[in-house]
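First comes the structure, then the notes that go with it.
The values are calculated or read from the model by the stated rules, or taken from the named source; none is laboratory data. Computed from a predicted model, the values in this text were never measured in an experiment. Note: ideal-geometry Cβ built from the backbone for every residue, glycine included; neighbour counts use all protein chains shown.
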Amino acid sequence: MINNQSIIEEILGIAVSTGADFAEVYWELTRNGNITLLSGKIDAIADNTISGVGIRAFLGTRTVYGSTSDISREGLIKCARSVAEAMGEGRAEMNIVLKPTAVNDIHPVKINPISADNKIKCDLLRLATDAARAYDNRIVQSVGNLITVDHTIQIANTEGLFKTDRHVRTRMAVSAVASSGNENQNGSCSPGRGMGLEVFDLFPPEEIGRTAAAQAITNLEADYCPAGQMPVAIENGFGGVIFHEACGHSLEATSVAVGRSQMCGKLGQKIANEKVTAIDDGTIPNAWGSVNIDDEGNPTQRNVLIENGVLKSYMVDRLGSRRMGMPMTGNSRRQGYTYEPTSRMTNTFIDNGPDKNEDIIASIEYGLYAKSMGGGSVNPLTGAFNFAVNEGYIVRNGKICEAVRGASLIGTGSDILQDIDMVGQNLATGQGMCGSSSGSVPTDVGQPLIRVSKITVGGR
């Protein structure tokens, strides 16, 4: 980190010297690790370190951003001057006095995964991939990845903010391939937390492997899903990806502040069924998407986005705050120092509702039970989405029946919010990496079991 406070104050002064009204310096040191096992054998071990500084200046709602991997005084001055020159040709002085402030760490780590011996990590992966292959003799391949991150940041700005924070993440991803001899089908499982290797006390590797294998076998034995509009029950955990993509991005200032969101101008309006309460909460201890402070140095917080169907708030960063005249919400995030930050989700989920899970399934005469969701695409302006169902089942007369494969869910965010008419009580989250203009960041998605009264199901 940049230990000399006076140098940071000097850099900030240079960044605003041509008339900017605000500047910030963001320093990053990130160590990434990734071990891959293919069918029980080490396929790759990768480690990399990222270090550098980003400097940003504001004048109203105009921003200029520069970055450098040269963190010597000369390198920082050069970067700050380039930012100042791009901002304008005026002259200005600002009295900058940084006030170092301790950050309250609510995400304790017991076993740092970066410093742990690679043999220990390989053994954990081997337990998972071996369990996947042992699940059924039709499992012909298992691949495991252990992803570890040790991320330290330092943020300073012309308002005097000066904070340092550290965040550790660990995730295991296992995929399995099942074969009948004529065709192959896949299954996967990939839990993670803002923790060290102690995360595997919560998620035993063998369980991760067996879950991936079971899904592959289920899909191998399944027939293709019929297409049409029908009620769909979407299970908890990663099922929340639909809200994240189809609705969550539309609540970020990134799109709202420039009028490119279906949710513009709807604060205080009923936009969802009254059973729907949606929250973004970056303060959940050790959650995958949690951080102590966001990438502008603001403490994260619990933001109620939708309460009983009514839109209550957006997720707002500094630039969005200036454009919208709304307070910042602790949602400014970026992949690293080469990216300018913007408003992003942290842990975003539909909260528990009033319905019993068994009643949700029992209410469906004929429809689809989406046990596990996959990836998809969405247009944040219109909210139109298309998501794959990784594991699905037909529901008949209120009972979960045969497995089906090849299903997808097609609709728009505004419609699905209104059509969620039952919300269960088994809230859980799933982990993902979310991409946007400020790069890829870890986010949790989540929900309890929900029922969508009608949605287009793609299939055969």
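Being within 25 Å of residue 381 (Cα to Cα), in contact with a Ser or Thr (Cβ under 6 Å, 6 or more places away or on another chain) and of a type outside the set (Asp, Glu) is the requirement here; does residue 455 meet it? Working first, answer last.
Numbers: within 25 Å of residue 381 (Cα to Cα): yes; in contact with a Ser or Thr (Cβ under 6 Å, 6 or more places away or on another chain): no; of a type outside the set (Asp, Glu): yes.
No; evaluated as a whole, the condition is false for this residue.
Is there a residue being modelled with pLDDT under 95 and crowded, with 21+ Cβ neighbours inside 10 Å anywhere in region 268-287? Explain how you work it out, then say what you get.
Restricting attention to region 268-287, the residues satisfying the condition of being modelled with pLDDT under 95 are none.
Checked against the condition, which is being modelled with pLDDT under 95 and crowded, with 21+ Cβ neighbours inside 10 Å, region 268-287 yields no hits at all.
Any residue that is in a strand (DSSP E or B), surrounded by fewer than 18 Cβ atoms within 10 Å (Cβ to Cβ) and under 24 Å from the mean Cα position of the chain (by Cα) - is there at least one of those in region 128-146?
Going through region 128-146, the residues in a strand (DSSP E or B) turn out to be 139-146.
With surrounded by fewer than 18 Cβ atoms within 10 Å (Cβ to Cβ) added as a condition, the list becomes 140-141.
Restricting the remaining residues to those that are under 24 Å from the mean Cα position of the chain (by Cα) gives none.
No, there is no match, as no residue in region 128-146 is in a strand (DSSP E or B), surrounded by fewer than 18 Cβ atoms within 10 Å (Cβ to Cβ) and under 24 Å from the mean Cα position of the chain (by Cα).
For region 393-415, indicate whether the set of residues that are more than 27 Å from residue 460 (Cβ to Cβ), surrounded by fewer than 19 Cβ atoms within 10 Å (Cβ to Cβ), acidic (Asp, Glu) and modelled with pLDDT of 95 or more is non-empty. Please lay out each step first, then the result.
Residues of region 393-415 more than 27 Å from residue 460 (Cβ to Cβ): 414.
If we keep only those that are surrounded by fewer than 19 Cβ atoms within 10 Å (Cβ to Cβ) too, we end up with none.
There is no residue in region 393-415 that is more than 27 Å from residue 460 (Cβ to Cβ), surrounded by fewer than 19 Cβ atoms within 10 Å (Cβ to Cβ), acidic (Asp, Glu) and modelled with pLDDT of 95 or more.
Condition first: under 13 Å from residue 27 (Cα atoms) and not in a helix (DSSP H, G or I). Now tell me which residues in region 64-79 satisfy that.
Of everything in region 64-79, those that are under 13 Å from residue 27 (Cα atoms) and not in a helix (DSSP H, G or I) turn out to be 66, 67, 68, 69, 70, 71, 72.
Does region 4-18 include one or more residues that are surrounded by fewer than 22 Cβ atoms within 10 Å (Cβ to Cβ) and part of a strand (DSSP E or B)?
no
Across region 416-460, which residue is nearest to residue 203 (Cα to Cα) among those that are of a type in the set (A, V, I, L, M) and surrounded by fewer than 20 Cβ atoms within 10 Å (Cβ to Cβ)? Step through it out loud before you land on a result.
Going through region 416-460, the residues of a type in the set (A, V, I, L, M) turn out to be 416-417, 420, 422-423, 427-428, 433, 441, 445, 449-450, 452, 455, 457.
Remaining after also requiring surrounded by fewer than 20 Cβ atoms within 10 Å (Cβ to Cβ): 427-428, 433.
Numbers: 427: 17, 428: 14, 433: 19 Å.
Step by step, filter region 416-460, then rank; the result is 428.
So in region 429-452, with the set limited to residues that are part of a strand (DSSP E or B), hydroxyl-bearing (Ser, Thr, Tyr) and over 11 Å from residue 244 (Cβ atoms), which one is modelled with the lowest pLDDT? Explain how you work it out, then say what you get.
Here is the first cut: in region 429-452, the residues part of a strand (DSSP E or B) are 429-436, 439-447, 450-452.
Subset that is hydroxyl-bearing (Ser, Thr, Tyr): 429, 436, 440, 443.
Narrowing the set further to residues that are over 11 Å from residue 244 (Cβ atoms) leaves 436, 440.
Details: 436: 92, 440: 97.
Across region 429-452, the extreme among qualifying residues is 436.
Would you list the helices (runs of 4 or more DSSP H) that sit entirely within region 195-304 and hold 2 or more residues that are more than 29 Å from residue 330 (Cα to Cα) and in contact with a Cys (Cβ under 8 Å, 6 or more places away or on another chain)? Steps first, please.
Working: elements: 199-202, 205-221, 253-256.
In region 195-304, the matching helices (runs of 4 or more DSSP H) lie at 205-221.
Look at residue 171 and say whether it is closer than 23 Å to residue 139 by Cβ, touching a residue at least 60 places away in the same chain (Cβ under 8 Å) and outside any helix (DSSP H, G or I). Reasoning before the result, please.
Numbers: closer than 23 Å to residue 139 by Cβ: yes; touching a residue at least 60 places away in the same chain (Cβ under 8 Å): yes; outside any helix (DSSP H, G or I): yes.
It is true that residue 171 is closer than 23 Å to residue 139 by Cβ, touching a residue at least 60 places away in the same chain (Cβ under 8 Å) and outside any helix (DSSP H, G or I).
From the list 374, 367, which residue is of a type outside the set (A, V, I, L, M, F, W, C) and either under 27 Å from the mean Cα position of the chain (by Cα) or farther than 28 Å from residue 270 by Cβ (or both)?
Criteria check complete, one pass: 374.
Does any residue in region 70-92 that is within 26 Å of residue 1 (Cα to Cα) come within less than 8 Å, Cβ to Cβ, of a residue that is modelled with pLDDT under 95 and hydrophobic (A, V, I, L, M, F, W, C) six or more places away or on a different chain, and which pairs are these?
Final answer for the pair search is 71/2; 76/2.
Taking region 348-371 as the search range and keeping residues that are part of a strand (DSSP E or B) and of a type in the set (Gly, Ala, Ser), which one is surrounded by the most Cβ atoms within 10 Å (Cβ to Cβ)? Spell out how you get there, then give the answer.
Here is the first cut: in region 348-371, the ones part of a strand (DSSP E or B) are 348-350, 366-371.
When the remaining residues are screened for being of a type in the set (Gly, Ala, Ser), the result is 367, 370.
Details: 367: 24, 370: 29.
Of everything passing the filter in region 348-371, 370 is surrounded by the most Cβ atoms within 10 Å (Cβ to Cβ).
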